[in-house]
Amino acid sequence: MLSNTPFEPTDDDLSWLLGQDNFDSLLFIEADKVRQRIYGRRVYLRGLIEFTNYCKNNCLYCGLRTGNHRVSRYRLSKEEILSCCREGYDLGYRTFVLQGGEDPFYTDEVMIDIISAIHTAFPDCAITLSIGEKSYDSYKAFFDAGARRYLLRHETADEDHYRKLHPASMSLDNRKKCLFALKEIGYQVGSGFMVGSPYQTMENIITDIRFLQELKPDMIGIGPFITQHDTPFSAFPNGSVELTLRLIAVLRLMFPYALIPATTALGTLESEGRELGLKAGANVVMPNLSPVGVRKKYAIYDDKICTGEKSAQCRFCLQRRVCNAGYEFSLDVGDAKRPEKSEK
Ligand code: SAH
């Protein structure tokens, strides 16, 4: 029954379900049925280019925070970014994700030049940005230059919790404002949160899910919090893989049309974590396309995987993993599907 109508749990249902481990296999089977009804067995690929690890923000959980002086900083030039795209294109990728810290070096003008160059060289590819909080006008200018997707996790939808994870200069209000601006402009928007971030409660997670229902994102990225040794949260434990998987399944049931990645963080805490994520309802993987020489420096958390392999190795490793998990490795652009008008 669950596979034909979106799941609409109450807060009590959610806290009960997320706190149980005895129903996981049933939950994952139901979630998998829903993803297969909408997306079949296809798993979409997104080539991730981590183009700068400079950041002006000071988020307490992130190794790229401006206060971390132990990370060696790098920036990729437009030519280097284009050559990552070329390599990705030749490997079959048709989506590029430009992710970075909030780095003032990349002014709007610089970003527009990079986006336009990618758009001109690879007109059949989708350009996704993940570069944090900007103004409406900047987002609009990036869209006009050819960007069509934007990933901006809300991180936590609870005000008090938000303040515990971020410096006073940042606000949940602005994060939300950015997300709604991106939607208004016409981006396919991805949001999400960390599972098991310091001080997170079950109530916070329910608030996160309710916020996602309000935002209606096309993509939902969740991954376990992972300790980074040079941050103020160095003594906090990692988030739970089990809870992350359960949440992926619940999100798949509640948001049948969402694109949900099996994240690198999941693969970092558990060797087959991404495969388990796919089996719990995820349908996207994000192989790394950054030059090998800089990968270890994009140290948002400790022991990140896929930092030593060349892009081609990552591609074939992921293809094998996706196929072994029983899914199809899809090189399509992979836009989010939307419900027919008659459906909810
Ligand atoms: N500056 C961009 C990109 C941030 S990196 C932005 O603000 O959106 C992408 C994501 O990594 C973040 O949104 C955060 O949810 C996640 N992340 C950061 N530090 C992490 C940690 N220690 N453990 C797990 N995930 C982390």
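Laboratory data are not the source of any read-out in this text; all were calculated from the coordinates shown. The shown structure was predicted, so the numbers you read here are calculated from the model rather than taken from an experiment. Here the Cβ is made from the backbone with ideal geometry for all residues, glycine too, and neighbour counts use every protein chain on show.
Just want the ordering: THR120, THR207, from fewest to most Cβ atoms lying within 10 Å of their own Cβ.
Values: THR120 10, THR207 18.
By the 10 Å Cβ count, ascending: THR120, THR207.
Identify which of LEU48, LEU172, LEU278 has the largest mean-square fluctuation in a Gaussian network model of the chain, with springs joining Cα atoms closer than 10 Å. Top of the fluctuation ranking is LEU172. Each label was represented as a point 7 Å from its Cα along the Cα-to-Cβ direction; for HIS119 and GLU184 these points are 2.1 nm apart.
Annotation: extensible slack from LYS296 through SER138 equals 53.9 nm (criterion: 0.36 nm per residue apart, minus Cα-Cα distance).
What is the extension gain from ASP303 to ILE29, computed as 0.36 nm multiplied by their sequence separation minus the C-alpha to C-alpha distance, in nm to one decimal? Show your work: numbers first, answer last.
Numbers: separation 274, 0.36 × 274 = 98.64 nm, distance 3.07 nm.
Value of the extension gain: 95.6 nm.
Return PHE7, PHE142 ranked ascending by Cβ neighbour count within 10 Å, so the fewest neighbours appear first.
Ordered by Cβ neighbours within 10 Å, fewest first: PHE7, PHE142.
Taking a ≥ b ≥ c as the square roots of the Cα gyration tensor eigenvalues, with a/c under 1.5 meaning rounded and otherwise prolate when a/b beats b/c, else oblate, which class fits segment 54-97? Kindly include the intermediate steps, with their values, before the conclusion.
Numbers: a/c = 3.69, a/b = 2.39, b/c = 1.55.
It comes out prolate by the Cα gyration axes.
One chain, two ends: ASP11 and HIS229. Fully extended at 0.36 nm per residue, the span grows by 75.0 nm beyond their Cα-Cα distance.
Computed on segment 133-263, the Cα convex hull volume stands at 117 Å³ per residue. Looking at the chain alone, DSSP beta bridges between its own residues are antiparallel in about 5 percent of cases. Ellipticity at 222 nm from helices only: DSSP H runs of n ≥ 4 in the chain, each -39500 (n - 2.57), divided by the residue count, give -12500 deg cm²/dmol.
If you rank THR231, THR5, THR244 by fewest surrounding Cβ atoms within 10 Å, what's the result?
The fewest-first ordering by Cβ neighbours comes to THR5, THR231, THR244.
Which of rounded, prolate or oblate describes the chain when judged by the alpha-carbon gyration tensor and an a/c cut-off of 1.5? Write down the numbers at each step before the final one.
Details: a/c = 1.36, a/b = 1.19, b/c = 1.14.
Since a/c stays below 1.5, the shape of the chain is classed as rounded.
For segment 50-89, backbone nitrogen atoms closer than 17 Å to the point 7 Å from GLU109 Cα along Cα-to-C-beta are found at 78.
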